[in-house]
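The values are calculated or read from the model by the stated rules, or taken from the named source; none is laboratory data. Because the structure is predicted, anything quoted here is derived from the model rather than measured. Here the Cβ positions follow ideal geometry from the backbone for every residue, glycine too, while neighbour counts run over all protein chains shown.
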Amino acid sequence: MKALFFDIFGTLVDWRSSIMEGLKELEFFKKKNPEQLEKLVINWRKEYQPIINKVNNNTLPWQTLDELHTRTLKKVLKKMGFDKMKETEKKYLVLLWHQIRPWKDSCAAINQLNKNYITASLSNGNVLLQKNLLKYAKLNFDFIFSAEHFKKYKPNKLVYMGAIDMLNLKVSQCALVASHKNDLYAASKIGMKTIYIHREKEYGNYKSSFKEKNFQADLELSSLKNITNSIKKIKF
């Protein structure tokens, strides 16, 4: 194996609790209880897959994830009766996705892998979002790859294949690390090796709201600690 590509949201960073903390900074949400804040964040995230599907099937023209987050936020705020927020506050919420805390094992794992492998992000986050996020979270990848490069969103195969081609590598030399089975399944269909990291707290109390494929990855982990030794178990 020569290169490991990483999904970002959920896999390496804790979007749910980070966005919840960011909501508390706004006067608008200071009197809301944690359950209401979590429901808003979850409802926002639940709009993610449907809208990127619309982009992938050309129902919507190409838009960056920041732009899609803006559209879906307005929809969710209206549905939950929070649509009287100021436009500046809505923009603040969209930019929260640029500053998400990493899971405790994420930074050390990337630094560890950088000694022996090429590491790269492979995220639906646009380039600017990723640049800001990776700097904030101190995730030191060799390369950043975004759906924005290919004008399609994962799980479209063009995203995986495009990133591998840009590194002049063979599919068989690459693995995807992700906390989402749907992402890993799509990568496996083009021949990538797959590493599943279980993030128990990603969805909080709403795990059942996010359906995943029944898929067995080449390697399944509960932590990224000692990942360099763990990936030696993958059969080629």
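Restricting attention to region 170-182, the residues that are farther than 13 Å from Leu219 by Cα and either in contact with a Lys or Arg (Cβ under 6 Å, 6 or more places away or on another chain) or of a type in the set (Phe, Trp, Tyr) (or both) total 2.
Can you spot a residue in region 187-199 that is surrounded by 14 or more Cβ atoms within 10 Å (Cβ to Cβ), within 16 Å of the chain's Cα centre (by Cα) and closer than 30 Å to Pro61 by Cβ? Yes: region 187-199 contains one or more residues that are surrounded by 14 or more Cβ atoms within 10 Å (Cβ to Cβ), within 16 Å of the chain's Cα centre (by Cα) and closer than 30 Å to Pro61 by Cβ. Just one of the listed residues (Lys54, Lys78, Lys24, Lys32) is under 21 Å from Val127 (Cα atoms) and either of a type in the set (Val, Ile, Thr) or without any contact (Cβ under 8 Å) to a residue 24 or more places away in the chain (or both), and it is Lys54. If you go through region 135-164 and keep only what is over 16 Å from Thr119 (Cα atoms) and not in a helix (DSSP H, G or I), you end up with Lys151, Lys152, Tyr153, Lys154, Pro155, Asn156. Inside region 95-137, residues that are among the β-branched types (Val, Ile, Thr) and either surrounded by fewer than 21 Cβ atoms within 10 Å (Cβ to Cβ) or at pLDDT below 95 (or both) make up a count of 2. One residue stands out among those in region 206-221 that are polar (S, T, N, Q) and exposed (fewer than 11 other Cβ atoms within 10 Å of the Cβ): the one that is farthest from Arg101 (Cα to Cα), which is Asn214. Taken over region 98-113, the criterion of being assigned to a helix (DSSP H, G or I) and either out of contact with any strand residue (DSSP E or B) (no Cβ under 8 Å at 6 or more places or on another chain) or without any contact (Cβ under 8 Å) to a residue 12 or more places away in the chain (or both) is satisfied by His98, Cys107, Ala108, Ala109, Asn111, Gln112.
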